[in-house]
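Here's the structure, in structure tokens; my notes come after.
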Amino acid sequence: MSSLTELQDLIQDKYGLDAAQLDPHASMREKGIDSLALAEFLFEIEDRFQISLPDPDPAMDTLAQLAELVDQVRAGAAAQPAT
Amino acid sequence: MSAAPVAITGLGVVGPHGDDAQAMFDALLRGESALRPVFPDLPRPAAAAMVDFDPARWFTKLQLVGVDRVSQLAVAAADLAVLDAGGLAGADRERVGVYVGCGMGGAGALDSAYRSGIANGSGRVPPLTIPAFMPNAPASHVAIRHGVLGPVLTYSVACASSAIALAEAAKAVRSGEVDLAIAGGSEALIVPGVVMAWQAMQTLAPFAEGQAATAVKPFAADRAGFALGEGAAFVVLESAQRAAARGARRYAGLSGWGVSSDATHLTKPDAAGQARALRHALRVAGLSPADVGYCNAHGTATRVGDPVERDALARVWGEEGIERLRVSSTKALHGHLLGAAGALEAVVTVLALHHRQVPPNAHVAQADPACALNLVRPGDTQAPDLRAAVSNSFAFGGTNAALVFERAE
């Protein structure tokens, strides 16, 4: 499962950047998603997917890396027994 | 009368009467009120003057991240002022300053944080709440938008905030510290919690159903308080010499400013303190009271405030002179913009000089004898001899500001 498409949809919805404008392997900062925007985007992702993300690695700068992180967290959440 | 050394060459307003300063002035001349009922679910009826604002004209969705409405309005109004002044081309950005008055900062961001963090029990607050609500965010956003590299300052002095911002900007221009200043104010606090807080202060005018538009009655016998307004207003200030050299249109000169403190009480106004600010402003301008033909009053229409302002004006103009001073409080029509009030009313006063027309003091069926003033009557707005005008802004906290403007001749 990859969250990439869902993240692209969320970016389109929230920030008006469509998938064609943001190569998953390009720098998000260079597209205007700076550290502040990224902080808000992570908050939106947590809200949308009902997950809790770890503090992001400062080196993380592409949508593909972010999708991978979200995938890992969602897989981990799915593996947890329901309480 | 000396030529004012500081020229106003650009005006920008995003307020309850729209985003065209001239159209706003025309609406005020016609006595059109922008006050409407708001938040019907509140325990007590409330009226306010809101801005019909489309941020998409100034921001992409991505640029709006973490930008509260108060900063959005500031960026828009400052942009209009700069555009009106012919842009900043040719200005050394290190010698440009931004001077902004703001009372509360991003009230909407705080309100939303409380709601999401506490009221709905999530325990989560949007991560950009701090940069969104911090009161100097509007000034910073204006600076970023225009690449301003000189002083970028915020004045939070309640209702006098942006009058003081204009005064500080004018001082910086006159002293040569900056070549050009973008000065104004922004306020956007029409959210339920803030409206209720002002209601609890017993300062807002009550109104019968269908009467919201005429609820605010400055200097009237039956006045009962003000209504909140939101918006932003900016001016571009530069030396008269610089304006002349580049052939800029000069709306008026900002020639005098006076700031004083009551040092008596946090919220109770003081005529002596207000009179000190007025006298100082006239002295800086090199004018006598008789030179001034119009006063845009602070005029919040509270029971306590209006007679004190009348007393202050009478102390400076004298009981005879005050009969010749035409007075109006335009808060009856655009509401009280608090931190942005001084800047908005400065724009109104500048346009009054520019057009030699003065806006009416609306909604007065019977004036209060305790506020005996030469109020501008609706329809009687021509002022063919107007050469100088004053705008008053008196703040909670006891700080008083008066600005004197002169016609650009």
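Take the stretch B:160-189 and flag every residue that is surrounded by fewer than 22 Cβ atoms within 10 Å (Cβ to Cβ) and under 16 Å from the mean Cα position of the chain (by Cα).
Matches in the stretch B:160-189: B:E168 only.
Within the stretch A:45-75, count every residue that is in contact with a helix residue (DSSP H, G or I) (Cβ under 7 Å, 6 or more places away or on another chain) and either facing chain B (nearest Cβ under 9 Å) or of a type in the set (K, R) (or both).
Of the residues in the stretch A:45-75, 2 are in contact with a helix residue (DSSP H, G or I) (Cβ under 7 Å, 6 or more places away or on another chain) and either facing chain B (nearest Cβ under 9 Å) or of a type in the set (K, R) (or both).
Any idea which of A:A37, A:A78 is out of contact with any Lys or Arg (no Cβ under 6 Å at 6 or more places or on another chain) and at the interface with another protein chain (Cβ under 9 Å from one of its Cβ atoms)?
Just a single option satisfies the conditions, and that option is A:A37.
Out of all the residues in the stretch B:189-196, is one or more closer than 30 Å to B:T9 by Cα and modelled with pLDDT of 95 or more?
yes
Right, B:E345: over 21 Å from the mean Cα position of the chain (by Cα) and either without any contact (Cβ under 8 Å) to a residue 60 or more places away in the chain or under 30 Å from B:V75 (Cβ atoms) (or both) or not? If you could, list the steps in order and put the result at the bottom.
Values: over 21 Å from the mean Cα position of the chain (by Cα): no; either without any contact (Cβ under 8 Å) to a residue 60 or more places away in the chain or under 30 Å from B:V75 (Cβ atoms) (or both): yes.
Criteria not met by B:E345.
Can you confirm whether B:S116 is modelled with pLDDT under 95 and part of a helix (DSSP H, G or I)?
Working: modelled with pLDDT under 95: yes; part of a helix (DSSP H, G or I): yes.
When the stated conditions are applied, B:S116 passes them.
Among B:V82, B:V98, B:V38, B:V67, which is in contact with a helix residue (DSSP H, G or I) (Cβ under 8 Å, 6 or more places away or on another chain), within 30 Å of B:L204 (Cα to Cα) and more than 14 Å from chain A (Cβ to nearest Cβ)?
Unique residue meeting the criteria: B:V38.
Residues being not in a loop (DSSP other than H, G, I, E, B) and not β-branched (V, I, T): count how many of those fall in the stretch B:214-268.
Restricting attention to the stretch B:214-268, the residues satisfying the condition of being not in a loop (DSSP other than H, G, I, E, B) are B:214, B:220, B:226, B:228-229, B:231-245, B:252-261.
Now drop any that are not not β-branched (V, I, T), which leaves B:220, B:226, B:228-229, B:231-234, B:237-245, B:252-258, B:260-261.
Selection size over the stretch B:214-268: 26.
Here is a list: B:D111, B:D84. Which entry is touching a strand residue (DSSP E or B) at 6+ places or on another chain (Cβ under 9 Å) and either of a type in the set (V, I, T) or surrounded by fewer than 24 Cβ atoms within 10 Å (Cβ to Cβ) (or both)?
The unique qualifying residue is B:D84.
Scan (1) of a type outside the set (A, V, I, L, M, F, W, C); (2) surrounded by 19 or more Cβ atoms within 10 Å (Cβ to Cβ); (3) touching a strand residue (DSSP E or B) at 6+ places or on another chain (Cβ under 8 Å) for the single condition B:K217 breaks and write down its number.
B:K217 satisfies all of (1) of a type outside the set (A, V, I, L, M, F, W, C); (2) surrounded by 19 or more Cβ atoms within 10 Å (Cβ to Cβ); (3) touching a strand residue (DSSP E or B) at 6+ places or on another chain (Cβ under 8 Å) except (3).
Under 9 Å by Cβ, and 6 or more places apart or on different chains, what pairs join a residue from the stretch A:15-28 that is over 19 Å from A:L69 (Cα atoms) and within 14 Å of chain B (Cβ to nearest Cβ) with one that is surrounded by 14 or more Cβ atoms within 10 Å (Cβ to Cβ) and of a type in the set (G, A, S)?
Sorted first by the residue in the stretch A:15-28, then by its partner, the pairs are A:Y15/A:G32; A:Y15/A:A37; A:L17/A:G32.
When you go through (1) surrounded by 15 or more Cβ atoms within 10 Å (Cβ to Cβ); (2) modelled with pLDDT of 90 or more one by one for A:Q72, which number turns out not to apply?
Single failed check for A:Q72: (1).
Within the stretch B:19-73, count every residue that is β-branched (V, I, T), within 19 Å of B:A341 (Cβ to Cβ) and surrounded by fewer than 23 Cβ atoms within 10 Å (Cβ to Cβ).
1
Only helices (runs of 4 or more DSSP H) wholly contained in chain A count here; list those with 3 or more residues that are under 19 Å from B:F59 (Cβ atoms). Spell out how you get there, then give the answer.
On the way: elements: A:4-15, A:35-49, A:63-79.
Ranges flagged: A:4-15, A:35-49.
Output the residues belonging to the stretch B:121-134 that are within 12 Å of chain A (Cβ to nearest Cβ) and either surrounded by fewer than 15 Cβ atoms within 10 Å (Cβ to Cβ) or in a loop (DSSP other than H, G, I, E, B) (or both).
Looking only at the stretch B:121-134, we keep the residues that are within 12 Å of chain A (Cβ to nearest Cβ), and these are B:122-132.
B:S122, B:G123, B:R124, B:V125, B:P126, B:P127, B:L128, listed by residue number.
Right, B:A169: at positive phi, touching a residue at least 60 places away in the same chain (Cβ under 8 Å) and in contact with a Phe, Trp or Tyr (Cβ under 9 Å, 6 or more places away or on another chain) or not?
no
Looking at B:I144, is it more than 30 Å from A:Q50 (Cβ to Cβ) and within 14 Å of chain A (Cβ to nearest Cβ)?
yes
Condition first: under 19 Å from the mean Cα position of the chain (by Cα) and of a type in the set (D, E, K, R). Now tell me which residues in the stretch B:64-100 satisfy that.
B:R69, B:D79, B:D84
Scan (1) closer than 27 Å to B:R242 by Cα; (2) touching a helix residue (DSSP H, G or I) at 6+ places or on another chain (Cβ under 9 Å) for the single condition B:P131 breaks and write down its number.
So B:P131 meets the others, but not (1).
The values are calculated or read from the model by the stated rules, or taken from the named source; none is laboratory data. These numbers come from a predicted model, not from an experiment. Heads up, the Cβs are rebuilt from the backbone with ideal geometry, glycines too, and the neighbour counts pull from every protein chain shown.
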